[in-house]
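Structure, as structure tokens:
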Amino acid sequence: MKKSKKIGSILVVDDEKSMRDSMNMLLRDNYNVHMAKSGKEAIKSVKNHNIDLVLLDIRLPEIDGIEVLKIIKGIDDSIEVIMVTAVILVKQAVEAIRMGAYDYITKPFDIDALQDQVSKAFEKRALQQENILLRKMIEKDYQFEKIVGKSKEIREVFKVIDDVARSNASVLLTGESGTGKELVARAIHNRSPRKDKLLVAINCAAIPENLLESELFGHERGSFTGATERQIGKFEIANGGTLFMDEIGSMPMAMQAKLLRVIQEKEIERIGAGHCTSIDVRIISATNSNLQAAIKKYKFREDLFYRLNVIPIHLPPLRERREDIPLLANHFLHKYNREFGKKIKNIKKEAMDLMAIYDWPGNIRELENLIERLSVLCKDKYIDANRLPSEIKGAFGARAVTRDASLFEAVQKFEAEFIRTALRQTSGRKGKTAQLLGIHRNTLINLERKFGLKQKRLN
């Protein structure tokens, strides 16, 4: 018979042999159990073995349990400690929790209560380890400039950025608002031969129509009412570098004609100057609107579109790259911890699961705004599901049911989403996912086939 894989390692510290033997018998099927009869033996075991959890008696010979707790936490603060005590020493156990112990149990202990406490302590440790891993992934493997992600969709964007960065070709970034188009523009610029020059950004939708020409091309003093000083336009400022034109679809048709001429002739004319100035600028433009549909409605010039759309890059919405949500959420949590001087350790699993299901109509910008708000308001060490807004807490049911869905279809959607979420939590590990769902591994495989859930194991 195949042995089940052990969940982790537990150190039982008690001077009574009968107590050590009892705990060993209860725990050895699921955990690697080490035993120590004194504080000195416990400290030696922690130094020599990879211990996840310590069941620590308060009354020990030579060094008492409280002092041993301090030493263990000094060796490795991530080790969870459950104090074991007689009822008369409960006050000391409570004090031990203030010093970093996870919890306490009293002798004689209830078997179910002990196993439940051990299980919860391991869940907490697993969550902490997951957040450490996520932090490393953000800081090393999966951060591309300031673009955070590891999904297939965002990695394809990374590849295109690398492929096009060294050229001078115009790039058109498309995607919903809040998907990070300016970050992609900066990544392209920073990898290009123009990186030592400026990247200048302008939001075409934010500039009034009568001022846009001046903002782009500049003007001479006295060229129009209010022009009291000479102004250099964005094209001249970006000369030798990159001009990022956001919301290009909102540009008026008359202005589009002037932009087209600048791209073709590689020169600009300041308002009131009477002569042209040569420029060398790479243009990266962005839009969240459908420019081809705008062309059909005569709201965008087709010839300008083809000039701008030499290299198209589409940025997927956050709902199409859900596995990046935990990475992004933790990235923003660490950012606002630093900015606000907070010490929030992590986002609890239930909250993260709901965030992974929510559709994020505002994309990354909406997610960052939420984490910023939660960071400001949170007074605890963790962000839990209760702090999430109602639209996110209700996301699971909303995704399972649509207005036109039958009961059977709703159940199918709910079941598929439930399994997909479990697979995401376990990084695609089928055995662990089946255990989490309380079903047999073969049943899980059949359900994956039924719903077309092909989840790669994530290492």
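Among the candidates 101, 121, which residue alone is part of a loop (DSSP other than H, G, I, E, B), touching a residue at least 12 places away in the same chain (Cβ under 8 Å) and buried (at least 21 other Cβ atoms within 10 Å of the Cβ)? Full working, then the answer.
Details: 121 fails: part of a loop (DSSP other than H, G, I, E, B).
101 is the lone residue from the list that is part of a loop (DSSP other than H, G, I, E, B), touching a residue at least 12 places away in the same chain (Cβ under 8 Å) and buried (at least 21 other Cβ atoms within 10 Å of the Cβ).
Residues in region 6-23: is at least one surrounded by fewer than 21 Cβ atoms within 10 Å (Cβ to Cβ), closer than 30 Å to residue 434 by Cβ and in contact with a Lys or Arg (Cβ under 8 Å, 6 or more places away or on another chain)? Within region 6-23, one or more residues are surrounded by fewer than 21 Cβ atoms within 10 Å (Cβ to Cβ), closer than 30 Å to residue 434 by Cβ and in contact with a Lys or Arg (Cβ under 8 Å, 6 or more places away or on another chain).
Of the residues 151, 119, which is closer than 23 Å to residue 78 by Cα, at pLDDT 85 or above and of a type outside the set (A, V, I, L, M)?
Working: 151 fails: closer than 23 Å to residue 78 by Cα.
Every option except 119 fails the conditions.
Residue 362 meets all of the listed conditions (1) surrounded by fewer than 20 Cβ atoms within 10 Å (Cβ to Cβ); (2) within 17 Å of residue 180 (Cβ to Cβ); (3) free of Cβ contacts under 8 Å to residues at least 40 places away in the same chain but one, namely (3). Note on region 80-98: residues that are closer than 21 Å to residue 32 by Cα and free of Cβ contacts under 8 Å to residues at least 40 places away in the same chain amount to 3.
Selection of region 154-197 for residues being assigned to a helix (DSSP H, G or I), over 23 Å from residue 320 (Cα atoms) and touching a helix residue (DSSP H, G or I) at 6+ places or on another chain (Cβ under 9 Å) yields only 164. When region 420-435 is filtered for residues that are under 15 Å from residue 127 (Cα atoms) and among the hydroxyl-bearing types (Ser, Thr, Tyr), the ones remaining, listed by number, are 426, 427. Scanning region 182-241 for residues that are under 21 Å from residue 266 (Cα atoms) and among the small types (Gly, Ala, Ser) turns up 185, 192, 201, 214, 218, 233, 238, 240, 241.
The values are calculated or read from the model by the stated rules, or taken from the named source; none is laboratory data. Treat the numbers as computed from the prediction; the structure is a model and nothing was measured. Quick reminder, even Gly has a Cβ in these numbers, built from the backbone with ideal geometry, and neighbours come from all protein chains shown.
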